[in-house]
Each structure stands twice: as structure tokens, then as C-alpha cells.
Amino acid sequence: MISVVFRLVLIICSLLTVVFIIRKIRQSKVQINYAIFWILFSVCLLVFSLFPEISISLAKILGIYSSTNFIFLVILFAVIIKLFFNTIEISNLEYKIKELSQKIAIDEKKYKDNINEMSKKDLNQKEN
């Protein structure tokens, strides 16, 4: 059985997380597609804290000793999944940064070569 203190902590943390995420969305510091995960995560914890029978039943089905352990397992699993998807996102962004850096370097080289050619033409015209 989930203790009353643990339920209160889950409720308070869930509500504070939702409020925090909504404030960050309003301040344009987090995109909505990233915030949806955290809001759903908070709602899930809120449901577990308001209806502990759900976590108790799921813990029994999965053979987990207590519902509290089940909730910690769900939290850990969700955060690991989120970390995995963030790793994929970071890898994609690093690849794009590398491509952009190379493109900028090539464009700068072409620009410098064009300036050098124009300077040489100007010098040749002045000599003639």
C-alpha cells in the first residue's frame, strides 16, 4: 500500500512539475513537443497517487513486491526512455552542426578566393 505521505509528495511534485512546464512554455523556454512528455509524466504520477489501486494491481500483475517499488520503476523507466530519445536528438543535432560548419567553411573559402581573384584583376588593370 502507498503511504499517505508518499501520495502527497507525488501529488505535490506532479502539480509543481505541470505548473513549472507551463510557465516555461509561456516564457518560450521550452517547445511544446518536449513539454508534452513531462506533462504526461506528471499526469501519470498524479493518477498513481490519486488512485493507488492502479499501481497496486499493476505491481501484483508484474510480481513487484510493493506499489511504491512499481512507481519508482515506472519513473526510472520513463526517464531512461526520455534520455535515450534525447541522445538520438543530440546526435542528429551534432551531425547537422558538423554539416553546417563544413558548408560555412567551404563558402568562406570560395568568398576569399573570389576576393583574391578580384584583387589580382584590379592590380592587372592598374598595371596596364
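Spin-label model, V19/V4: points 7 Å from Cα along the beta carbon direction are separated by 2.3 nm. Annotation: Cα Rg of the chain relative to the compact-globule expectation 2.2 N^0.38 Å equals 2.00. The magnitude of the dipole of the chain, with charges of +1 and -1 set on the Cβ of Lys/Arg and Asp/Glu and taken from the Cα centre, is near 240 debye. Packing, taken as the mean count of other beta carbons within 10 Å per residue, orders the peptides 92-104, 74-86 from highest to lowest as 74-86, 92-104. Here K126 is the anchor, and the lysines within straight C-alpha reach of less than 29 Å, apart from those fewer than 8 places off in the same chain, are K109, K110, K112.
Dipole orientation for the chain: of the candidates N114, I81, F48, F48 has the Cα lying most toward the positive pole (charges on Cβ; Lys, Arg +1; Asp, Glu -1). Sequentially through the range 8-14, phi angles give Karplus couplings (6.51, -1.76, 1.60; θ = phi - 60°) of 5, 4, 4, 4, 5, 4, 5 Hz, Gly and Pro residues having no value and appearing as x.
Filter K29/K98; K96/K121; K24/K82; K96/K120; K60/K82 down to the pairs with a C-alpha to C-alpha distance above 30 Å, please. It would help to have the intermediate numbers written out before the result.
Details: K29/K98 25 Å; K96/K121 37 Å; K24/K82 19 Å; K96/K120 36 Å; K60/K82 26 Å.
Pairs exceeding 30 Å: K96/K121; K96/K120.
Residue by residue, the range 63-78 carries 3J(HN,Hα) couplings of x, 8, 4, 9, 5, 5, 4, 4, 5, 4, 5, 4, 4, 4, 4, 5 Hz when phi is fed to the Karplus relation 6.51 cos²θ - 1.76 cosθ + 1.60 (θ = phi - 60°); x denotes Gly or Pro. For the chain, the solvent-accessible area of protein heavy atoms averages 80 Å² per residue (probe radius 1.4 Å; ligands and nucleic acids excluded).
The values are calculated or read from the model by the stated rules, or taken from the named source; none is laboratory data. Keep in mind that this is a model prediction, so the values were computed, not measured. No Cβ is skipped: glycine too gets one built from the backbone with ideal geometry, and neighbour counts run over all protein chains shown. Remember, those area values only see protein heavy atoms, side chains included, never the ligands or the DNA or RNA. Shrake-Rupley method; radii C 1.70, N 1.55, O 1.52, S 1.80 Å.
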